[in-house]
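Visitor: The structure's right below; bear with me while I get my questions together.
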Amino acid sequence: MSRPPHAGLAQWLAHCEKLHPASIDLTLERAEAVRQRLGLHFEVPVFTVAGTNGKGSTCAMLESILLQAGYRVAVYSSPHLVDFEERLRLNGEVVDAERLMPHFEAVEAARQGQTLTYFEFTTLAILRCMAAEPLDAVILEVGLGGRLDAVNVIDADCAVITAIDLDHMDYLGPDRESIGREKAGIMRRGRPVIIADPQPPASLMAQAEVVGADAWRLGVDYNHEGDRQQWSWAGRGRRLNSLGYPALRGANQLLNASGALAALEAMRPRLPVPIQAVRNGLALASLPGRFQVLPGQPALVLDVAHNPQAAAVLAANLDAMGYFPRTHAVFGAMADKDLAALVAPLLPLVDHWHVCDLPTTRAASAQQLSEVVQVTRVRVASGRLTLPMNPVHQHPDPCVALQHVLAEAEVVDRILVFGSFFTVGAVLRGGVPSLRAPHFDGPSAPGTALSSSLPPLSSGPIAPDSDRS
């Protein structure tokens with residue numbers, strides 16, 4: 001299949017969707033063959049980050065600290081929330097689409113008729129774009145698993161494995177041990193691997209021993225402690241005191257920050273980082289859609305939580321926010337998730353459920369989600385837990401659901417949008433909203449988006465979705 005004529009990014013992405021019969025087909029053989037033809041490699045230190053939850057936050061904090069230390073940094077992360085270009089940040093800035101075009105061309109030429117999945121093709125194009133830049137460090141976020149993920153064609157100088165939970169079990173295995181074994185595939189002999197899961201599967205340490213990797217274990221080789229004002233970190237022979245808490249919200253972010261600091265400590269001979277860069281980097285790190293609390297009336301919380309562990313963390317973070325008379329949830333999710341386990345932790349906190357369809361065939365329908373909420377609510381309530389039993393509302397997309405919520409919510413209420421990158425991305429497509437409830441009579445802040453200005457789901461092009469959850 002020849003490349004699309006006069007191809008822009010949208011045409012290239014559509015082209016990539018058609019090259020392989022399956023959207024996910026885990027193997028390194030195809031991507032490695034094309035990588036070799038491209039002569040693709042990095043001379044600078046590479047951090048590769050795998051795990052079920054916390055990958056994006058860990059990458060964001062690594063990036064922010066290294067930038068504050070004056071290093072030139074590239075970050076590849078996936079999936080994106082709104083625009084494909086979000087997957088590559090060069091020195092803290094989202095790449096321009098035109099900058100990617102020569103690298104899509106190069107991958108097309110190098111594949112020589114070899115079929116590649118959407119993720120393999122786009123990963124190789126982004127890696128080549130990174131390799132063409134004058135950089136001091138590269139940060140790669142694994143898309144799915146680790147061992148057979150296309151990112152793994154690049155050898156990690158330092159691997160980081162964050163919290164592991166049950167997700168993508170059709171591809172990675174039925175339990176945490178199997179999933180951990182797949183994540184461990186990013187380890188390399190003689191090189192550090194940061195095991196940042198507080199209760200890691202035994203398969204991680206077993207694989208580190210088999211490979212001969214230098215394992216840094218949370219609670220053994222590094223640790224953290226703190227009070228309500230500050231925290232400290234200690235590793236192998238070094239201690240960092242009086243650190244401010246990360247700008248990224250949520251109690252789990254301290255685990256991610258601690259793992260990021262361990263990775264930087266392990267790479268200190270090649271990338272020395274002063275303590276002030278650590279302080280500034282933690283304070284300035286940002287990542288949309290991860291317990292993102294937006295100011296406004298009512299309060300708006302955006303979270304891409306799409307597996308049971310992430311939902312439990314989200315529930316704990318919501319509970320720590322304080323009192324809100326009512327919480328309204330806008331919920332859309334993929335059909336292959338454990339939907340009941342995704343809903344259950346939030347049932348005591350959510351008063352009104354608004355479930356929605358999403359623009360992908362992989363998504364659960366609003367009808368399916370409504371049934372899951374109702375059945376799970378009855379099951380949980382049977383344990384003598386008192387739950388709100390309001391009707392579950394169904395909507396054609398997240399923005400319509402949010403419009404409906406805004407018409408009903410009081411200024412003191414809270415709105416939660418969660419369940420998928422698609423759900424949060426739909427709300428962010430028109431920019432970061434700052435809500436002003438129709439019941440509020442005070443002045444609008446500059447740039448405030450009223451409920452009537454929220455973008456409809458069809459307001460912009462939607463990038464192919466083969467690897468979005």
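The values are calculated or read from the model by the stated rules, or taken from the named source; none is laboratory data. Here the structure is a predicted model, which is why all the values come from computation and not from measurement. Backbone-built Cβ (ideal geometry, glycine too); neighbour counts: all protein chains shown.
Visitor: Find the helices (runs of 4 or more DSSP H) located wholly in segment 104-202 whose residues include 2 or more that are surrounded by fewer than 21 Cβ atoms within 10 Å (Cβ to Cβ) and touching a helix residue (DSSP H, G or I) at 6+ places or on another chain (Cβ under 7 Å), and list them.
Guide: Details: elements: 118-131, 169-172, 176-183.
Once the helices (runs of 4 or more DSSP H) in segment 104-202 are filtered for at least 2 residues that are surrounded by fewer than 21 Cβ atoms within 10 Å (Cβ to Cβ) and touching a helix residue (DSSP H, G or I) at 6+ places or on another chain (Cβ under 7 Å), what remains is 176-183.
Visitor: Still on this structure, please answer the following. Is there any pair linking a residue in segment 168-185 that is acidic (Asp, Glu) to one that is part of a helix (DSSP H, G or I) and modelled with pLDDT under 90, with Cβ under 8 Å and at least six apart or on different chains, and which?
Guide: As it stands, the answer is Glu182/Leu172, since those pairs meet every condition given.
Visitor: While we're on this one: Which one of these is within 23 Å of Ala163 (Cα to Cα) and either in contact with a strand residue (DSSP E or B) (Cβ under 8 Å, 6 or more places away or on another chain) or not assigned by TED's automatic domain parsing to the domain that holds Lys55 (or both): Gln292, Gln297? Don't jump to the end; show me each part of the working.
Guide: Details: Gln297 fails: within 23 Å of Ala163 (Cα to Cα).
Unique residue meeting the criteria: Gln292.
Visitor: Within segment 339-392, count every residue that is within 17 Å of Pro325 (Cα to Cα) and β-branched (Val, Ile, Thr).
Guide: Going through segment 339-392 one residue at a time, the tally reaches 2.
Visitor: Please indicate, with yes or no, whether at least one residue in segment 322-336 is closer than 26 Å to Gln199 by Cα and outside the structural domain of Gly56 (by TED's automatic domain parsing). Before you say what the answer is, go through the steps one by one.
Guide: Taking segment 322-336 and keeping what is closer than 26 Å to Gln199 by Cα, we get 336.
Right, trim to outside the structural domain of Gly56 (by TED's automatic domain parsing) and you get 336.
Scanning segment 322-336 turns up at least one residue that is closer than 26 Å to Gln199 by Cα and outside the structural domain of Gly56 (by TED's automatic domain parsing).
Visitor: Next question, about the same structure. Any residue in segment 59-76 that is outside any helix (DSSP H, G or I), crowded, with 21+ Cβ neighbours inside 10 Å and of a type outside the set (A, V, I, L, M, F, W, C)? I'd like the intermediate steps shown before the answer.
Guide: First, the residues of segment 59-76 that are outside any helix (DSSP H, G or I): 69-76.
Those still in the list that are crowded, with 21+ Cβ neighbours inside 10 Å too: 73-76.
From what is left, the residues that are of a type outside the set (A, V, I, L, M, F, W, C) are 76.
Looking through segment 59-76, at least one residue is outside any helix (DSSP H, G or I), crowded, with 21+ Cβ neighbours inside 10 Å and of a type outside the set (A, V, I, L, M, F, W, C).
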